[in-house]
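The values are calculated or read from the model by the stated rules, or taken from the named source; none is laboratory data. Just so it is clear, the structure is predicted and the values come from calculations on it, not from any experiment. Cβ placement follows ideal geometry from the backbone for every residue including glycine, while neighbour counts extend to all protein chains displayed. The area values use the complete protein model at the heavy-atom level, side chains included, leaving out ligands, DNA and RNA. Shrake-Rupley method; radii C 1.70, N 1.55, O 1.52, S 1.80 Å.
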Amino acid sequence: MIVISREQLTIEVKRAAARAGFDLAGIAPVEEQQLPELRKFADWIEAGHAGDMGYLEKRNEQGKLRRAALKNAAPWAKSVIVCALNYNTAPAYSIKQNDPGRGWVSRYAWGSKDYHDALMPRLREVEDAIRELAQHAEQPIELRSYVDTGPVVERVYARYAGIGWIGKNTCIINQRLGSWIFLGVILTSLELTADIPAADRCGSCTRCIDACPTDAFVAPGELDARRCIAYLTIEKRGPIDPELRSDMGRHVFGCDICQDVCPWNNKTGNTPPSLLPEFQPKPESYHPDLAELAQMSEDDFRKRFRGTPLKRAKYSGLRRNVAIAMGNSGDPRYIPALQELAADMDATVAESAQWALGKLSGRTRG
């Protein structure tokens, strides 16, 4: 019987992650007293900063927030393996915001595949490798993988796994890769050697906070999702607060402003853009034609965005966003299209289009 030490097992797990295609991998502990940032999560929920994202408020049978402490959801877990994948692709900033006839989509949704579908098969590969490594363990090995769907505050564990620090914009920032990284986690009953937590390297910089057009940051590292353009265009259902609409610009899905201005994402010598085909930008994705989006049928929406992140906005939500973007474009050519949307059967779309018509005619302030 071959016995493998904890240290060697940890090394082999990281090698397995690299073979699976991950750019970074690290190990975090699970004990909540070692992760003080988790204590802020319950306060954040209590303050209402999660908006309508009720899934973040799920509790166990004892009424404890599942994400506030890993033991609340997976009492058997002893280590968290955090894997990161670079999704940085060739920039398209030369045309960003220059053409009023086009909207803007967050960088993570530029490609042809939803990031959940890109990461999970790779995590399964790592799981298989772990089972092979631990096949002689005295007890059955528990493994559970998540990509942004489990009872885990990924960025906290990423920090303690040495992947990166939590920036003032709440994103994980790696000194080499910046913040254009997807995170996947594997909970395991194996006791692995934890990494050294990443040091905070934001310093006195506040560019992300200063650049946010909707003032979504309550404080450094604290986001009120209800004011965040990414939340408003993706997670929010129903009408968007009229006071926030003018500041949304022409964003139709997500927002990268706080990452675009981050010095760590513009640092010379950072890792080259990802060459993974599923992340390569398509012009119709990152800089979509607003008129074309406004004319899409629900069937067109399903066909065009099947398997991509944009489906998360839903048909109603995307058309609502398009109407607001048209209103913010300042382009009167959209008046006929907005008049059609203003008569839509969907009350949210219709009201948003009516607001946009007022904006273009000067009746709406802002």
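Quick one: accessible surface of Lys58, probe radius 1.4 Å, all protein chains present, in square angstrom to the nearest 10.
Rounded to the nearest 10, that gives 120 Å².
Taking K and R as +1 and D and E as -1, what net charge do the other residues with C-beta under 12 Å from the C-beta of Phe305 add up to?
+4
With axes computed from alpha carbons, what is the tilt in degrees of helix 347-361 against the longest principal axis of the chain, rounded to the nearest 10 within 0 to 90?
On a 0 to 90 degree scale, this one is about 60.
Given the whole protein assembly as supplied and a 1.4 Å probe, what does the accessible area of Trp110 come to in Å², nearest 10?
Its heavy atoms expose roughly 0 Å² to the probe.
Report in % the part of the accessible area of the chain that belongs to carbon and sulfur, leaving out ligands and nucleic acids; probe 1.4 Å.
Details: 8360 of 17030 Å².
Its accessible area is 49 percent carbon and sulfur atoms.
Among Tyr55, Tyr157, what's the order by accessible area (1.4 angstrom probe), most exposed first? Don't skip to the end; give the middle numbers.
Numbers: Tyr55 80, Tyr157 5 Å².
Descending order: Tyr55, Tyr157.
Could you do me a favour and compute the accessible area per residue for region 115-191, 1.4 Å probe, result in Å²? Could the numbers behind the result be given before it?
On the way: 2990 Å² over 77 residues.
For region 115-191, the solvent-accessible area averages 39 Å² per residue.
Compute all pairwise cysteine Cβ distances in the chain, then list the cysteines with no distance under 4.7 Å to another cysteine.
Isolated Cys, the chain: Cys83, Cys171, Cys202, Cys205, Cys212, Cys228, Cys255, Cys262.
Which entry in [x] 30.8, 108; [y] 21.9, 79; [z] 21.4, 66 matches Rg and Dmax of the Cα atoms in Å derived from the coordinates of this structure?
Calculated Rg and Dmax of the Cα atoms in Å: the matching label is [y].
Checking the table Lys236/Lys311; Lys78/Lys168; Lys14/Lys282; Lys282/Lys314 against a 22 Å threshold on Cα-Cα, which pairs fail?
Going by Cα-Cα distance, Lys78/Lys168; Lys14/Lys282 fall outside the 22 Å limit.
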